[in-house]
Amino acid sequence: MNNQENQQRTLKQAHRQTFWNTPKGYVIITLVVLMIVGAVKAADRSGVITVIISVATALVIDSAVAIARRYKRYFSDGGAVTGLILGLVLSSATPWYITIIVTAIGVLSKHVLKIGRKPIFNPAGFGLLVALFLFKTGQSWWGDLADLPIWCIVFVLVAGYLVVQRVNKFPQVFAFLGGYFVLLIVAALLHVGHAAYSPGDALRDPIVNSALFMAFFMLTDPPTSPAKYKDQVWFGLIVAVVSILVYILFGGLSYLLIGLAVGNVWKAWTTRRAKGKPARRALSDVLEIVN
Amino acid sequence: MAPKLGNKFVALCTVALGAMYTTGYVITENHDPVSAHTVPAQSGQSASTDDGGAKPQTTTDSSGNTGASASGSTTKTASTSTSGQSQSQSTSKQKYLDGTYTGSGANDIGTVSVAVTIKSGKISGVQITQCDTHYPEDYIAGLPQEVVALQSYNVNIVTGATKSTEDFAEAVYEALSQAQNPHYVA
């Protein structure tokens with residue numbers, strides 16, 4: 001009996017260790033750490049409640065889908081990641097029901113807008129983008145620690161590098177950030193850009209923090225970003241170009257999310273093409289699902 | 001899955017990115033509105049917005065505005081436009097001169113501009129005429145009423161919209177600076 005109990009305990013411990021060693025387990029830990037550090041700022045403390053609501057909503061929806069589809073696992077670590085990201089981006093002043101709706105949109109998008117078993121869009125990015133246009137939901141990106149003293153960016157960088165290392169996405173993160181910085185430098189030199197959203201702003205706190213947060217925790221989502229290094233570089237560059245174009249032309253909050261969404265569609269298109277579909281057919285397949 | 005990149009390569013790319021970022025930061029420093037920006041003087045002092053503090057909100061009394069003038073800024077467009085009422089009608093008991101005054105507040109999230117209307121020496125209305133911030137105007141939509149109720153730019157910070165509130169308060173402060181009655185006796 002004792003042997004059996006010991007074996008079971010060892011198995012449980014091994015399972016726990018395995019979970020926290022997975023990319024999603026890693027991301028969950030780092031995002032929780034960022035949430036705790038971000039909550040040091042009193043104004044953002046209520047954001048923890050937003051995180052709890054979004055994580056709970058994501059887990060409930062994913063569990064319901066898992067039960068309906070008779071999956072073996074009901075706990076969705078992906079749902080927890082989506083909820084954490086949404087909660088860390090949404091403003092702490094967001095009403096609870098809006099948080100639930102935004103989370104539901106994001107989580108359901110991965111079950112509906114997909115090719116095969118892989119979702120097209122990053123769930124958190126899609127939820128935030130749709131919510132921005134439908135409800136004009138405010139986003140504070142408080143998880144990027146922009147409200148804290150500037151040196152706190154070290155937490156974001158260390159947490160981000162750990163996650164990017166774990167999911168093996170350095171090429172696309174470097175391509176994105178490199179493209180982002182170079183394009184802003186070019187825009188500054190050419191004196192282009194919206195008067196209220198200068199290229200200089202995008203290189204400074206708090207805007208640059210949100211770009212780093214997006215690059216480390218949303219851009220690197222394995223199902224919605226390419227695995228091959230060459231594709232990763234293209235993916236990062238596409239997201240950077242689209243993001244900066246939107247930023248320069250329109251400003252606002254949506255430029256990173258629009259860039260990410262376009263990158264996600266490009267990834268879905270290339271995946272479709274890799275399966276032997278002609279380019280135009282592959283694109284129309286993806287757009288058909290999106291529409 | 002592709003083999004992971006070596007640590008040396010990651011370090012090299014990080015250094016390259018750091019160099020790009022620094023270059024961009026330096027290049028944009030001169031024409032960046034934030035670095036040249038100064039918040040309204042409080043009790044005769046001016047302060048930078050860099051610390052992110054809620055400068056206009058920390059003042060205890062709006063009477064501290066007396067005699068203070070808004071500091072120059074590349075992004076500010078403080079101007080006075082009269083609404084047809086004669087400013088000479090004011091007395092020394094009126095803190096502000098009647099009319100409509102405009103002001104702008106800007107920081108790294110964008111710009112908020114307001115038009116403040118003074119009637120019988122009191123703030124009778126505040127209108128947000130421009131909100132080019134990264135956050136929706138809805139966040140600060142309740143602040144104009146607060147200014148009228150408090151008769152001061154010293155509004156409470158809206159949770160989750162600290163910097164937008166600062167922009168708004170700064171814009172109102174600037175407009176009220178224009179409206180100051182030079183003959184006012186407290």
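The values are calculated or read from the model by the stated rules, or taken from the named source; none is laboratory data. The structure displayed is predicted, hence computed values, not measured ones. Because the Cβ atoms are built from the backbone with ideal geometry, glycine has one as well, and the counts that use them run over all protein chains shown. Surface accessibility is based on the protein's heavy atoms, side chains included, excluding ligands, DNA and RNA. Shrake-Rupley method; radii C 1.70, N 1.55, O 1.52, S 1.80 Å.
General observations
- The test for being open to solvent by 10 Å² or more (accessible area, probe 1.4 Å), over 19 Å from B:THR111 (Cα atoms) and of a type outside the set (Lys, Arg) holds for A:PRO149.
- Subset tally (residues that are open to solvent by 20 Å² or more (accessible area, probe 1.4 Å) and touching a residue at least 60 places away in the same chain (Cβ under 8 Å)) for the stretch A:120-131: 2
- The selection criterion, being assigned to a helix (DSSP H, G or I), among the aliphatic types (A, V, I, L, M) and in contact (Cβ under 8 Å) with a residue 40 or more places away in the chain, does not hold for A:ALA146.
- Conditions (1) more than 24 Å from A:LEU90 (Cβ to Cβ); (2) within 14 Å of chain A (Cβ to nearest Cβ); number of the one not met by B:ILE109: (1)
- Criterion (within 16 Å of the chain's Cα centre (by Cα) and more than 7 Å from every other protein chain (Cβ to nearest Cβ)) met by exactly one of A:LEU177, A:LEU212, A:LEU190, A:LEU183: A:LEU212
- Hey, A:VAL55 modelled with pLDDT of 95 or more and of a type outside the set (D, E, K, R) or not: yes
- Yes/no for A:VAL173 being free of Cβ contacts under 8 Å to residues at least 60 places away in the same chain and out of contact with any strand residue (DSSP E or B) (no Cβ under 6 Å at 6 or more places or on another chain): no
- In the stretch B:92-104, the residues that are within 14 Å of B:VAL126 (Cα to Cα) reach residues that are among the β-branched types (Val, Ile, Thr) and part of a loop (DSSP other than H, G, I, E, B) with C-beta atoms within less than 6 angstrom, at least six apart or across chains, in these pairs: B:GLY99/B:THR82; B:SER104/B:THR77.
- Of the helices (runs of 4 or more DSSP H) entirely within the stretch A:176-259, those holding at least 3 residues that are within 27 Å of A:ARG166 (Cβ to Cβ), open to solvent by less than 10 Å² (accessible area, probe 1.4 Å) and in contact with a helix residue (DSSP H, G or I) (Cβ under 6 Å, 6 or more places away or on another chain) occupy A:207-217, A:229-250.
- Selection count, the stretch A:245-260, where residues are under 17 Å from A:LEU212 (Cβ atoms) and within 13 Å of another protein chain (Cβ to nearest Cβ): 5
- Residue satisfying all of: in the stretch B:151-168; without any contact (Cβ under 8 Å) to a residue 60 or more places away in the chain and out of contact with any strand residue (DSSP E or B) (no Cβ under 7 Å at 6 or more places or on another chain); most open to solvent (accessible area, probe 1.4 Å) among these: B:THR159
- Checklist (1) open to solvent by 50 Å² or more (accessible area, probe 1.4 Å); (2) in contact (Cβ under 8 Å) with a residue 24 or more places away in the chain; (3) away from chain A (no Cβ under 14 Å) applied to B:VAL172, failing item: (1)
- Index of the failed condition, A:LEU31 passing every other in (1) surrounded by fewer than 22 Cβ atoms within 10 Å (Cβ to Cβ); (2) within 15 Å of the chain's Cα centre (by Cα); (3) modelled with pLDDT of 85 or more: (1)
- Here A:LEU128 meets the list (1) more than 9 Å from chain B (Cβ to nearest Cβ); (2) assigned to a helix (DSSP H, G or I); (3) out of contact with any strand residue (DSSP E or B) (no Cβ under 7 Å at 6 or more places or on another chain); (4) at pLDDT 90 or above almost entirely, failing just condition (3).
- Condition check for A:ILE61: at pLDDT 85 or above and open to solvent by less than 80 Å² (accessible area, probe 1.4 Å): yes
- Count of the stretch B:120-148 residues which are open to solvent by 50 Å² or more (accessible area, probe 1.4 Å), farther than 30 Å from A:ASP205 by Cβ and either within 14 Å of chain A (Cβ to nearest Cβ) or modelled with pLDDT of 90 or more (or both): 3
- In the stretch B:10-28, the residues that are facing chain A (nearest Cβ under 7 Å) and not small (Gly, Ala, Ser): B:VAL10, B:CYS13, B:LEU17, B:MET20, B:TYR21, B:THR23, B:TYR25, B:ILE27, B:THR28
- Count of residues meeting criterion [within 14 Å of the chain's Cα centre (by Cα) and not acidic (Asp, Glu)] in the stretch B:121-143: 7
- Answer from A:ALA66, A:ALA56, A:ALA93 - the residue that is more than 13 Å from A:LEU128 (Cα to Cα) and outside any helix (DSSP H, G or I): A:ALA93
- Single residue of B:TYR96, B:TYR101 found to be more than 10 Å from chain A (Cβ to nearest Cβ), modelled with pLDDT under 90, surrounded by 21 or more Cβ atoms within 10 Å (Cβ to Cβ) and farther than 26 Å from A:TRP141 by Cα: B:TYR96
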